[in-house]
Structure formats: structure tokens, C-alpha cells
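K.L.:
First the structure, then my questions, so here it is.
The values are calculated or read from the model by the stated rules, or taken from the named source; none is laboratory data. Everything numeric here is computed off the predicted structure, so don't read it as measured data. Cβ: placed from backbone, ideal geometry, glycine included. Neighbour counts: every protein chain shown.
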Amino acid sequence: MGFQDASTLSEFSFDSVLVGILSDTHGTLPRSAYAELADCDYIIHAGDICGPDILAELETLAPVTAVLGNNDYREYGAAVDKFASVKIAGVSFLVTHKPDDLERALRGCTSALQPGDPVPDVVAHGHTHIPRVVKGKAARPATLLVCPGSVTRPRGGSSPTVAKLVLCDGVVKSARLVELTRD
């Protein structure tokens, strides 16, 4: 799968584009997650959606790219698969649910990246329910690795979280995890 182009978002008069990333909703989109994503220009769901109504609700806020998690079925249509590649405001993303699948994709062991495709700037996954944003050597070959944690079932002593990235001129200007209140 090559990169989809969401660059039309950068054609508006935005100085920057705000991308929200969430994962592991497991059939419930908490009000606090919905409210936190309301200011996003684009939303990425990194799997374990567990209900098409979740994606429909997120799409009332912004365009959505989503991937299948290990608890999802192909009920979301052809646009939702195991991997997603999207380019937003000049920043390329590769998204999958499991971190092992992400590592395999980056090693060229899947069809997620075709020969000649650029290495994504940002890689994102879900599944662990433990939020993290990794930069530098630990994120290589990408420049940023994001796991938004889980909005419904956090693990490892974490709170429910989403990730938010600010993109501008083809660069990730900031990446942060946002703790949510429990609904």
C-alpha cells in the first residue's frame, strides 16, 4: 500500500495541522476522548475499534484513518485494513495495531511499505494500552514513534490517554500525550 494523500489539509489557511491519535476504544468512545479530539484537523485510530459507530462518531470531528486491531473484524469496509499509510500536511505516517507488525513492516517483511516508498516520518501503534512517544534513535528508522495508550482500558499504571501532534511545513513541531478524565 502506498501513501494516501491528505495534503489538502495543508491547503487551508492553517499555520499548523493538529492530528489526534487514539487506540483501543474497545467499543466505547469516552466523552472525554471525544472532547479532547474536537479541535483536531485529522484523527488516526490505531486499532481495536470494536464498533463501526466509533469511527462514525470520530468522523463528525475530522477525517479519520483507522486500522484493524486484533479484536476487530472487517466490518468497517475496505478502507480499514491491518496497515494504513497516510501523508498529512507533508508528514508521512505508517499505522498498525501491534508493535510487532510495525517492526516487521519497517524491516520490509510485509506489504505495508512498497519498494521505493519513503520511510515514514511517524509510526504509530496501539495494542499495549501503555502510552509512549519516542524520538531519536529509539524511533528509527522513523523520526517519531507514538503509542497513544488506551482511552478505555489503560495498563501499566497509566491513565486513559490520546496523543496529539502539531504538524507544520512537513515537520512534526510537537508531540504529546494527553491524560483524559475517566467518564
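K.L.:
If you check Asp48, Asp24, which single one turns out to be touching a Pro at 6+ places or on another chain (Cβ under 9 Å), assigned to a loop (DSSP other than H, G, I, E, B) and under 20 Å from Arg132 (Cβ atoms)?
P.N.:
Asp24
K.L.:
Continuing with this model, one more query. Which one is surrounded by the most Cβ atoms within 10 Å (Cβ to Cβ) among residues in the stretch 79-93 that are among the small types (Gly, Ala, Ser), under 14 Å from Asp121 (Cα atoms) and more than 12 Å from the chain's Cα centre (by Cα)?
P.N.:
Across the stretch 79-93, the extreme among qualifying residues is Ala89.
K.L.:
Are there any pairs, at least 6 apart or on different chains, whose C-beta atoms fall under 8 Å, with the first in the stretch 166-183 and in contact (Cβ under 8 Å) with a residue 40 or more places away in the chain and under 21 Å from Asp121 (Cβ atoms) and the second loosely packed, with under 14 Cβ neighbours inside 10 Å and of a type outside the set (D, E, K, R), and if so, which?
P.N.:
What qualifies is Val166/Ser174.
K.L.:
Please work out if Ala56 is farther than 24 Å from Ile130 by Cα, part of a helix (DSSP H, G or I), out of contact with any Leu (no Cβ under 7 Å at 6 or more places or on another chain) and modelled with pLDDT of 95 or more.
P.N.:
On the way: farther than 24 Å from Ile130 by Cα: yes; part of a helix (DSSP H, G or I): yes; out of contact with any Leu (no Cβ under 7 Å at 6 or more places or on another chain): yes; modelled with pLDDT of 95 or more: yes.
Taking the combined requirement at face value, the residue satisfies it.
K.L.:
Taking His125 as meeting all but one of (1) in contact with a strand residue (DSSP E or B) (Cβ under 7 Å, 6 or more places away or on another chain); (2) surrounded by fewer than 24 Cβ atoms within 10 Å (Cβ to Cβ), write down the number of the exception.
P.N.:
(2)
K.L.:
Restricting attention to the stretch 55-65, which residues are surrounded by 22 or more Cβ atoms within 10 Å (Cβ to Cβ) and over 12 Å from the mean Cα position of the chain (by Cα)?
P.N.:
Once the filter is applied, which keeps residues that are surrounded by 22 or more Cβ atoms within 10 Å (Cβ to Cβ) and over 12 Å from the mean Cα position of the chain (by Cα), the stretch 55-65 yields only Leu58.
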